[in-house]
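J.: Let me begin by handing over the structure; questions about it come next.
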Amino acid sequence: MSTIDNLPPLREVINTHDLKARKSLGQNFLLDLNLTAKIARQAGDMTECDVLEIGPGPGGLTRGLLSEGARRVLAIEKDKRCLPALADIAEAYPDRLTVIEGDALEIDPLAHLTPPIRIAANLPYNVGTELLVRWLTPQEWPPFWQSLTLMFQREVAERIVAKPGSKAYGRLALLAQWRADARIVLNLPPEAFTPPPKVSSAVVHLTALPEPRFPADPDVLNRVVAAAFNQRRKMLRSALKGTAPDIEDRLRAAGLKPTERAEQVPLEGFCALAREIAKG
Ligand code: SAM
């Protein structure tokens, strides 16, 4: 079988290095190099970028990123067993791949990266969501990354891109869309992975906005959105009772109806309300 590079096909790599997928590490591998190259292309032009890849595993997406022209890839992998396979890729692409062994939730990759930076990953879903939230809520904005291209469970991907009025709309949509343009760029059935997971997956591409979409204090906005969606079936005036004493007036001043429900309120409305509440 031909490959996108001169390295062996991924099935052979997995056999050679005895990389039997481990459930505890959320390992569902992509073995089709045409597919990993296609995912890599969703990250945009990488020729002038360092790409941070989390969870390279046997290296399918890593090879896609490199063959599609990433200037450099920094890959963080928790599973030691994958390191020899990744070392073979580093040898095939001299000076373009650095691998760090460790937990992406504990490693600060910044010292090893030169901007501009893009991030790409096919990660276990819980780790992916936690990292996404961290990348979207740094102290400083704009963030260190230009774009994120991440595989999620289809249902989580839908929550990231959801619009008001839909069931999937909530904190994740507001958090993502306040600071980034987010869209689903690829849908993948379970059979695209080895072993296949129980559910379908989707790749979400997020591009960082230079400024948050509407002005608001991040902490106040976060507090308001959390309160509103903790009781998403309630009217705003009762769901938000604890956030300000005169909440009905503040809702009206923000252009919102006290009888509306969180699900109906667009991002702009939540930002206007956060500004009203921040007035003290
Ligand atoms: N990217 C590869 C692919 O597409 O075939 C592997 C994908 S597999 C879904 C997830 C990978 O993330 C595994 O290689 C696993 O060992 C790694 N991983 C899991 N938790 C991690 C963590 N906290 N930090 C770094 N890597 C992690």
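J.: What is the number of the single condition among (1) free of Cβ contacts under 8 Å to residues at least 40 places away in the same chain; (2) assigned to a helix (DSSP H, G or I) that residue 177 does not meet?
T.: Answer for residue 177: the failing condition is (1).
J.: Looking only at the stretch 240-254, which residues are surrounded by fewer than 19 Cβ atoms within 10 Å (Cβ to Cβ) and assigned to a helix (DSSP H, G or I)?
T.: Of everything in the stretch 240-254, those that are surrounded by fewer than 19 Cβ atoms within 10 Å (Cβ to Cβ) and assigned to a helix (DSSP H, G or I) turn out to be 241, 242, 243, 248, 249, 252, 253.
J.: Which one is farthest from the ligand (Cβ to nearest atom), of the residues in the stretch 117-144 that are closer than 19 Å to residue 99 by Cα and more than 9 Å from the chain's Cα centre (by Cα)?
T.: 117
J.: Could you give every pair whose Cβ atoms fall below 8 Å, whose first residue belongs to the stretch 83-112 and is free of Cβ contacts under 8 Å to residues at least 60 places away in the same chain, and whose second residue is more than 11 Å from the ligand (Cβ to nearest atom) and of a type in the set (S, T, N, Q), counting only separations of at least 6 or pairs across chains?
T.: 90/98; 112/98
J.: Would you mind finding the one in 84, 8 that is surrounded by fewer than 17 Cβ atoms within 10 Å (Cβ to Cβ) and in contact with a His (Cβ under 9 Å, 6 or more places away or on another chain)?
T.: Numbers: 8 fails: in contact with a His (Cβ under 9 Å, 6 or more places away or on another chain).
Answer to the selection: 84.
J.: Identify the single condition in (1) touching a strand residue (DSSP E or B) at 6+ places or on another chain (Cβ under 9 Å); (2) closer than 24 Å to residue 190 by Cα; (3) modelled with pLDDT of 95 or more that residue 63 does not satisfy, given that it satisfies every other one.
T.: (1)
J.: Could you tell me whether residue 190 is more than 23 Å from residue 52 (Cα to Cα) and free of Cβ contacts under 8 Å to residues at least 12 places away in the same chain? Reasoning before the result, please.
T.: Working: more than 23 Å from residue 52 (Cα to Cα): yes; free of Cβ contacts under 8 Å to residues at least 12 places away in the same chain: yes.
For residue 190, the condition - more than 23 Å from residue 52 (Cα to Cα) and free of Cβ contacts under 8 Å to residues at least 12 places away in the same chain - is met.
J.: Select from the stretch 13-29 the residues that are on the phi < 0 side of the Ramachandran plot and surrounded by fewer than 14 Cβ atoms within 10 Å (Cβ to Cβ) and list them in ascending order.
T.: Filtering the stretch 13-29 down to residues on the phi < 0 side of the Ramachandran plot leaves 13-17, 19-25, 27-29.
Within the stretch 13-29, 15, 16, 20, 22, 23, 24 meet the criteria.
Residues checked against (1) among the aliphatic types (A, V, I, L, M); (2) in contact with a Pro (Cβ under 9 Å, 6 or more places away or on another chain); (3) more than 13 Å from the ligand (Cβ to nearest atom):
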site: 37; (1), (2), (3): yes, no, no
site: 40; (1), (2), (3): yes, no, no
site: 44; (1), (2), (3): no, no, yes
site: 50; (1), (2), (3): no, yes, yes
site: 54; (1), (2), (3): yes, yes, no
site: 58; (1), (2), (3): no, no, no
site: 69; (1), (2), (3): no, no, yes
site: 90; (1), (2), (3): yes, no, yes
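J.: Going through the stretch 30-73 one residue at a time, which ones are surrounded by fewer than 20 Cβ atoms within 10 Å (Cβ to Cβ) and over 15 Å from residue 7 (Cα atoms)?
T.: Correct list: 35, 38, 41, 42, 44, 45, 47, 48, 69, 71.
J.: Hey, any hits in the stretch 244-257 for a residue that's touching a Pro at 6+ places or on another chain (Cβ under 7 Å) and closer than 30 Å to residue 138 by Cβ?
T.: yes
J.: How about the stretch 71-88: which of its residues are more than 9 Å from the ligand (Cβ to nearest atom) and more than 18 Å from the chain's Cα centre (by Cα)?
T.: Listed by number, the residues that qualify are 71, 72, 80, 83, 84, 85, 86, 87, 88.
J.: Now for a different question. I'd like to know if the stretch 193-209 contains one or more residues that are assigned to a strand (DSSP E or B), hydroxyl-bearing (Ser, Thr, Tyr), out of contact with any helix residue (DSSP H, G or I) (no Cβ under 9 Å at 6 or more places or on another chain) and surrounded by 17 or more Cβ atoms within 10 Å (Cβ to Cβ). Lay out the reasoning, then the answer.
T.: Going residue by residue through the stretch 193-209, those that are assigned to a strand (DSSP E or B) are 193-194, 201-208.
Remaining after also requiring hydroxyl-bearing (Ser, Thr, Tyr): 194, 201, 207.
With out of contact with any helix residue (DSSP H, G or I) (no Cβ under 9 Å at 6 or more places or on another chain) added as a condition, the list becomes 207.
Adding the requirement that they be surrounded by 17 or more Cβ atoms within 10 Å (Cβ to Cβ) leaves none.
Taking every residue of the stretch 193-209 in turn, none turns out to be assigned to a strand (DSSP E or B), hydroxyl-bearing (Ser, Thr, Tyr), out of contact with any helix residue (DSSP H, G or I) (no Cβ under 9 Å at 6 or more places or on another chain) and surrounded by 17 or more Cβ atoms within 10 Å (Cβ to Cβ).
J.: From 121, 104, grab the single residue that is touching a helix residue (DSSP H, G or I) at 6+ places or on another chain (Cβ under 9 Å), of a type outside the set (Val, Ile, Thr) and in a strand (DSSP E or B).
T.: Values: 104 fails: in a strand (DSSP E or B).
It is 121.
J.: How many of the residues making up the stretch 210-239 are surrounded by 14 or more Cβ atoms within 10 Å (Cβ to Cβ), hydrophobic (A, V, I, L, M, F, W, C) and under 22 Å from the mean Cα position of the chain (by Cα)?
T.: Of the residues in that region, 4 qualify.
The values are calculated or read from the model by the stated rules, or taken from the named source; none is laboratory data. What you see is a predicted model, and the numbers here were worked out from it, not measured in a lab. Cβ: placed from backbone, ideal geometry, glycine included. Neighbour counts: every protein chain shown.
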